[in-house]
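These notes are about the structure you will find just below.
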């Protein structure tokens, strides 16, 4: 059955929809920032802008309310992605360290009211990859962004110290995330995730479902090198090559070739559709933590990790609502494969982000930030929060 599309909305209609959507007194969230940023879309939506599916591929209607689909599927304005969307005074973003099981974990935080968000980065990145999102979202949310252990400026223990069992797994990172929520955030949390961070968020929600109130997945990793997705005839060769990289000097030589400014720039040029967003600041933000002791071992350990969960295995298990956004120009995680995730009952919408690559939160924050705000506002209930008052 063809995807249902709502009729075009005017700016005044959008504002009316959002105001009525936020009318409940139990949601003390300002509509003004959402309306202001959501009505600055750059390309005409009616022809080539954001699209969303309100029906699953078998024709069954999604259980979600249609306000999000109406908004993102029919806006007629233009998005100015160079705009920061800043409204009011600047929000201070602070950095701190959290001791997790003897390891130092870096995190950033901002905001003092509203629902809590935890931003989870992808492979090779860190919490700075959310620098265009944290101060905007913190105007009406308590926002946290964390460096997964092994990445950014968190500790990078040598994986060989843990014996034959892999240490850098989605279960390890999910445990880190859940214990951060209970120890630091002390609230019910919405997970906002990019790339492999999506697997981390899903795994964490499966392990401790009472902590997670919703998940927004941005270009989640398809894990195409997972053992279950490798052709049977290629598995021995892939396994041998991974072992060669991990256990010989060739792996370190390979990493040293990658961990250079020109190489990082070339990689980012692949995954960003708008290459003007690949700035020197971004290159150094990705590169510098990768030059720290232990970073090469973490990199080689993870690229040789072909086990663990797949998104299609975790999505049916989560108990909270899931929204998926996907940059349609992602060369690493093709959208045509990702669209199948929209058919899971837990997924309330699959949003196509036009002319955006693998990292929408950084390449197109003025598309992503309003979607986060709307998704969270839809599912936020102040009575469900405050873990320290609810017996968790």
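For the pair residue 186 and residue 123, what calculated FRET efficiency results from E = 1/(1 + (r/R0)^6), where r is the Cβ-Cβ distance and R0 = 30 Å, to the nearest 0.05?
Calculated value: 0.55.
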**Study point:** region 94-319 - share of DSSP beta bridges that are antiparallel (%, nearest 5)
**Key:** 40
Revision key, fill the gap. Label model pair residue 260, residue 313: point-to-point distance (7 angstrom along the Cα→beta-carbon line) in nm is 3.8
Study note, to complete from the structure: Stokes-Einstein D for region 94-319 (4 °C, 1.567 mPa s, Kirkwood Rh from Cα pairs), in µm²/s, comes to 71
Check your understanding: By how many nm would the segment from residue 284 to residue 96 grow when fully extended, if each residue of separation counts as 0.36 nm and the alpha-carbon distance is taken off?
Key -> 65.6 nm
**Study point:** Gain upon complete extension [residue 332, residue 276; 0.36 nm per residue less C-alpha separation]
**Key:** 18.3 nm
**Study point:** Highest average packing first - 170-178, 253-261, Cβ atoms within 10 Å
**Key:** 170-178, 253-261
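All of the numbers you see were taken from the coordinates with simple rules; none came from a lab. These numbers were taken from a predicted model, which means no experiment stands behind them. In this analysis, Cβ positions are derived from the backbone assuming ideal geometry, glycine residues included, and neighbour counts consider all displayed protein chains.
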